[in-house]
Each structure stands twice: as C-alpha cells, then as structure tokens.
Amino acid sequence: MAKLLFISNIAKRVGSFSVASIAAAKQIGFEYYYAANWSATPIEQRNEDENKFGIKLVNIDLNRSPYSSQNIKAYKQLVQFINDEKIDYIHCNTPVGGILGRLAGEKCHVKKVIYQAHGFHFYKGAPKKNWLIYYPIEKWLATKSDAIITINREDYERAKRFKLKNNGKIYYVPGVGMDLSQYNIPDDVRKIKRNEIGLKETDIALISMGDLIDRKNYPVAIEAISKLNNANVHYFICGNGPEKHNLKKLTKKLNIENNVHFLGYRTDIKELLKASDIFLFTSKQEGLARSLMEAMACGLPCVVSKIRGNTDLIKGTSCGYLCTTIDEYVDALSVLSNGTNRELCSVACSNQIKNFDLNSVIKKLIVIYSNEF
C-alpha cells in the first residue's frame, strides 16, 4: 500500500483543513500520515482522531514563522521520518509546511510532491516587500513541486506562470471543502440566541469572526457602522487579538459603544450566525476565507472587501456586495437594512456555497491524486 504524508504546521485536531484529503486518499487506498506540530494536543485526543479517521499522526516540531531556527530541527525530523517510513508521496500545505515538505521530499527522493497554496503572500495589492521576498522563493520552490493546488482563481492564474518539476500541473480546487450538513441549524435557535445576546425583533445584527489583528481591518467596519447611523444596527465581533483595545477606543471615540459588541472567542459560531442578519467582512487579505463560507452556508447576505478569494465567492452572484471604500460598505449595509433584500441574498448564498461543498472538493482531490500518484 502506497504511503501519503500530509504536512501542515500547527494543528490541534484533525478537522476541516485535511478531511477532504483524508477521504480522497482513503478512497484510492493510500496509507495516510498527517505531520504537524501536535505538541498542544493531548495524547488522548490524538489517539481518538487516529482511530476516528484511520490515519497516523506524526509530531514534527514545526514553528509557524519561516524565520524560526526551530524549523531546522523540524526539517531533520521530517527527513528522518520520510526515510524511516519510506513515504511515497507528499501533500504539503501552509508556508512553512510547504517549504519543509518540498525540501525534505527532494532530499529523500520522494516519488512526487504536491504543494497546496492556501493564499500566496504575493497578491494584487500586496506590499512591495512581499513580492520581493516571497515571490522569488515560491518561484524557486515550484521547481521542486510536481504539482501545485490553488484554492482561489487569482493564485491559480499566477501559479500558471511558474515552471514546475517535470512540467508539472497547476490545479484549482474550491477550498478545503465545507460540510454543509453542519449548518442546518433549527429555526428556533435564532430566537433563542437573539434573546441571549439582547437583540429585539426590530434590531439588525451584523457579525464578523476572526482574530483582532491589523489584517482583518476592523476599523473600516466600525467606521461604516458609525456612518450608517442606525440605532437598530448591532455589530458583533467574535475573536480576540492585540487590536482589541484600539478597536474599543475607536467605538468610544465614534460614540457607538452600545452598537458594537466584542464577544471574544466563541464556540457557538453557527448559532450566532443563525441569529444574525448580515455578515460584514473587511479583511485586507485572504486566500479563501472560511468565515465567509460559513456565513454563506448559514444563508447570510455578505458585505465584504473586494479582495482575492472573496471575489471567487461573491462576484457575479446576488449573495451580497464587494466593497473597497467605507462609503461602499455604508451603501451596501443600507440596502440590506431592507428585509426583502436580505432574503434574496440569503437564497443566493445558499445556492452559491454548494459549489464549495466537501464532496465536490473530495472528488477533485481524487482526480488529482489519481493523476499525480
């Protein structure tokens, strides 16, 4: 039985990031190994996931930062494991996992190596330094890749310019796969959750999810709420991060403290989405945002930044609005203040997200694995 090694970086559980790959590999008949830094995961949890998915988890001391010297140790661990287990194929992900996986694959003469890019650091509108640093590195690493998988159209078109090992192929796959069955939330949950977070029937609930960091661009969302000037609008931000204090200061400065609510880390995201009316997403950079896909799976109209990935999901649909300025966000939110407009967007979202369904991604990976391996 051929052995496939899937590599990421920091992992806590086996989940959405790898489940399509596992399913595709199992259907073909590969023995599956999942290498990542599992140090924060209790051994009982690792054992449970190994049994549940029928795979083997491999702890490699990867560091998320490509500049960390810890990754020298991780590279040596990978080489040792690949040689000891006689790994046949590698499917590597993330910047660090992608670098170490391809270098180790070459060192160990692995039969074939696939790299899956979840969002190149060089993209339309990226800082010049990103192009100067990351583009030449990725172009070089492409020569050590037998195939590259991209998850958005912009990256797909750019990757086609690379010269791969043995004239390898570039593939497009629509994300890592959404298990849409998880988002069939009962209707009564909406009323329960809205009561819990203090919403009246006439209130319009906006929601965002993600770390409170500069890249997520929350000040634009908060300023749009201020300019909207609608006392019935409440904006819920789910997540923690270093920008929390500054964002709270901004809401105070704009006198909208009663309309912007910082919920911190939440384990009830699906229920909160069900309770909400509009998904607001002002991020500066994404590969293919899972939070946006989750919102669409819950049928939420979307007001989002016009960036890579978001355009794959929203452009050419009636799912919502792609925005570049604060005024455009305000205009879009004003239109969606009308319940009828929200209902039309909701139906469109539920239909569009089916293109990113887990089963669709599994089928595409089966084709890729069959072609390459």
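What ranking do Lys112, Lys191, Lys128 get, fewest neighbouring Cβ atoms within 10 angstrom at the top? Could you put the intermediate results ahead of the total?
Working: Lys112 19, Lys191 13, Lys128 8.
Ranking Lys112, Lys191, Lys128 by Cβ neighbours within 10 Å, fewest first, gives Lys128, Lys191, Lys112.
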Give the percent of DSSP beta bridges with both residues in region 180-355 that are antiparallel, rounded to the nearest 5.
-> 5
At a Cα cut-off below 28 Å, give the lysines reachable from Lys200, other chains included and same-chain residues fewer than 8 away excluded.
-> Lys191, Lys227, Lys244, Lys248, Lys249, Lys252, Lys253, Lys270, Lys274
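Based solely on its DSSP helices, what 222 nm [θ] is calculated for the chain when runs of n ≥ 4 H residues each add -39,500 (n - 2.57) and the sum is averaged over all residues, nearest 500 deg cm²/dmol? Don't skip to the answer; put the middle values down first.
On the way: 15 runs with 161 residues, N = 373.
Value at 222 nm, helices only: -13000 deg cm²/dmol.
What are the equivalent ellipsoid semi-axes of region 180-355, built from the alpha-carbon gyration tensor (square roots of five times its eigenvalues), in whole angstrom, biggest first?
Working: eigenvalues 93, 71, 52 Å².
Ellipsoid semi-axes (Å, largest first): 22, 19, 16.
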On a 0 to 90 degree scale, rounded to 10, what angle separates helix 128-142 from the longest Cα axis of the chain?
-> 40
Counting sequence-distant residues (5 or more places) and residues on other chains, those with an amide H built under 5 Å from that of Ile7 are Ala35, His91, Cys92, Asn93
Say the dipole of the chain comes from +1 at the beta carbon of Lys and Arg and -1 at that of Asp and Glu; which of Gly97, Ala332, Pro136 then lies farthest toward its positive end?
-> Pro136
With θ set to phi - 60°, apply the Karplus curve 6.51 cos²θ - 1.76 cosθ + 1.60 along region 72-86 and write out the HN-Hα couplings as whole Hz, x wherever there is a Gly or Pro.
-> 5, 4, 4, 4, 5, 5, 4, 4, 4, 5, 4, 5, 5, 8, 6
For Lys160, go through the lysines and keep the ones whose alpha-carbon is under 17 Å away, minus same-chain ones fewer than eight residues off.
-> Lys124, Lys139, Lys144, Lys169
Total lysine pairs whose alpha carbons fall under 27 Å of each other in region 1-103 (8 or more apart, or interchain) | 22
By count of other Cβ within 10 Å, fewest leading, how are Lys3, Lys163 ordered?
-> Lys163, Lys3
Cα axis of helix 339-352 to longest principal axis of the chain: angle in degrees, 0 to 90, nearest 10?
-> 10
Within a Gaussian network of the chain (alpha carbon springs, distance under 10 Å), most fluctuating of Lys216, Lys253, Lys56 | Lys253
Compute the long axis of helix 358-372 from its Cα atoms, compare it with the longest principal axis of the Cα atoms of the chain, and write down the angle in degrees, 0 to 90, nearest 10.
-> 20
Rank the residues Met178, Met296, Met1 as a footprinting-exposure proxy: fewest other Cβ atoms within 10 Å of their Cβ go first.
-> Met1, Met178, Met296
Could you list which residues have their amide H under 5 Å from that of Met209, counting only those 5 or more apart in sequence or on another chain, with H placed in the peptide plane?
-> Cys238
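Dipole size in debye (nearest 20) for the chain around its Cα centre, Lys and Arg Cβ +1, Asp and Glu Cβ -1? Mind dumping the intermediate values first?
On the way: 52 positive and 38 negative charges, 241 e Å.
Approximately 1160 debye in magnitude.
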Just how large is the dipole of region 180-355 about the Cα centre, in debye to the nearest 20, putting +1 at every Lys and Arg Cβ and -1 at every Asp and Glu Cβ?
-> 320
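Run through the DSSP bridge list for the chain and note the antiparallel percent, rounded to the nearest 5. Walk me through the intermediate numbers first.
Working: 1 of 48 bridges.
DSSP beta bridges in the chain are roughly 0 percent antiparallel.
Where a number appears in this text, it was derived from the coordinates with a stated rule and is not lab data. Source: prediction; values computed, not measured. Cβ coordinates were reconstructed from backbone atoms using ideal geometry, including for glycine residues, and neighbour counts include every protein chain displayed.
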